[in-house]
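Read the structure below first, then the notes.
The values are calculated or read from the model by the stated rules, or taken from the named source; none is laboratory data. Fair warning: this is a prediction, and the values are worked out from it, not measured in the lab. Ideal geometry is used to build each Cβ from the backbone, glycine not excepted, and the neighbour counts take in all protein chains shown. To get the accessible areas, we keep the full protein, side chains included, count just its heavy atoms, and leave off ligands, DNA and RNA. Shrake-Rupley method; radii C 1.70, N 1.55, O 1.52, S 1.80 Å.
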Amino acid sequence: MEEYELKYIWIFAMGKIMVQRIFLGFLLQLIGLCAADLNRLNIWPMPVSVQYGHQSLYLSKDFVLKTEGTKYADALGILKDGFSRLLDVVEAAHVIELNYSHFDPSLLLQGIHVVILSPNDEGFECLVFICIMLKLQHGVDESYKLLVPMDRKPVYAHLEAQTVYGALHGLQTFSQFCQFNFTSRVIEVRQVPWTIIDQPRFSYRGLLIDTSRHYQPLPMIKRVIDSMVYAKLNVLHWHIVDSQSFPLEIPSYPKIWDGAYSIAERYTMADAAEIVRQLCSEKRN
């Protein structure tokens, strides 16, 4: 009797282990499929909520920005410059060759309609080295909702945000939907219809450039700033000097930048001012 009970317990235990293994294998396959599906989205950083389809639209030759219904005056031109930057990003890689007159108008995305709910003109005024902040501070609402429908006529993407900063993030996300189609030679918006609801997970999203230990040329720093906008980062810490090297010109101490790694690896006052202007410019996020 004891032998029978032990055998029964052993069979039961082995059966339980097999069921667990089968379930675990199924779960891993499901996770793998989900991960592969998300990888096809090619959005960075991944939004909070994403819904998408399997159809395609194409950017119209006269892709425009619409702002009807917005409360935001855009006195500093922040939104307008953000839209120009969007076009630069999606059109820079290749020459558009398509003859739009032979294209189905229902498949052309005519523009993007941006509605900003806050009337405040939040931005920077820049005075050489000093950026005066106008209502831009830690914790500002950077959320947005982005829709790219398939059934509207004419077809417009729709972007809604509480502040201009959320709208700028939405424009950056939209740019990642757009890819050059080598067959049709036009900018294609894939996986339509899109519904994106997003906001930053962290209010402080910073990047450190340490030029005291590893000198970086001015064009490289500028490219980093551009990439920060694309990745929706909002704080740059430029660690210019330290005990390893002192590459920054200080007019009141003319010999101090002799502590640079070499004569060529230095920043003039004008160089530093140029970086500050780029960071503070209303053209930047």
Task: Considering residues of segment 45-86 that are of a type in the set (Gly, Ala, Ser) and farther than 25 Å from residue 205 by Cβ only, the residue surrounded by the fewest Cβ atoms within 10 Å (Cβ to Cβ) - done: 75
- [ ] Go through segment 192-229 and give me each residue that's assigned to a loop (DSSP other than H, G, I, E, B) and not basic (Lys, Arg).
- [x] 193, 199, 200, 202, 203, 204, 211, 212, 214, 215, 216, 217
Open item on the list: Take the residues in segment 185-200 that are open to solvent by less than 20 Å² (accessible area, probe 1.4 Å) and of a type in the set (A, V, I, L, M); name whichever of them is farthest from the chain's Cα centre (by Cα).
Closed with: 186
- [ ] With respect to residue 243, determine if the residue is polar (S, T, N, Q), surrounded by fewer than 18 Cβ atoms within 10 Å (Cβ to Cβ), in contact (Cβ under 8 Å) with a residue 60 or more places away in the chain and part of a loop (DSSP other than H, G, I, E, B).
- [x] no
Open item on the list: Take the conditions buried (at least 24 other Cβ atoms within 10 Å of the Cβ), over 17 Å from residue 55 (Cα atoms), modelled with pLDDT under 95 and hydroxyl-bearing (Ser, Thr, Tyr) and apply them to residue 144. Does it pass?
Closed with: no
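I'd like to verify a number: residues in segment 251-267 that are assigned to a loop (DSSP other than H, G, I, E, B) and either surrounded by 14 or more Cβ atoms within 10 Å (Cβ to Cβ) or free of Cβ contacts under 8 Å to residues at least 12 places away in the same chain (or both), how many?
The qualifying residues number 11.
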Open item on the list: Just the residues that are over 20 Å from residue 51 (Cβ atoms) and in contact with a Gly (Cβ under 6 Å, 6 or more places away or on another chain), please, taken from segment 160-210.
Closed with: 168, 203
Open item on the list: Being closer than 18 Å to residue 45 by Cβ, surrounded by 12 or more Cβ atoms within 10 Å (Cβ to Cβ) and among the small types (Gly, Ala, Ser) is true for just one of 203, 227, 212. Which residue is that?
Closed with: 203
- [ ] Please state which of the following conditions residue 163 fails to meet, knowing it meets all the rest: (1) touching a Lys or Arg at 6+ places or on another chain (Cβ under 8 Å); (2) buried (at least 18 other Cβ atoms within 10 Å of the Cβ); (3) more than 14 Å from residue 90 (Cβ to Cβ).
- [x] (1)
TODO: Evaluate segment 163-180: report whether one residue or more is more than 12 Å from the chain's Cα centre (by Cα) and more than 22 Å from residue 226 (Cα to Cα).
DONE: no
Task: Residues being within 17 Å of residue 147 (Cβ to Cβ), outside any strand (DSSP E or B) and at pLDDT 90 or above - total across segment 28-79 - done: 9
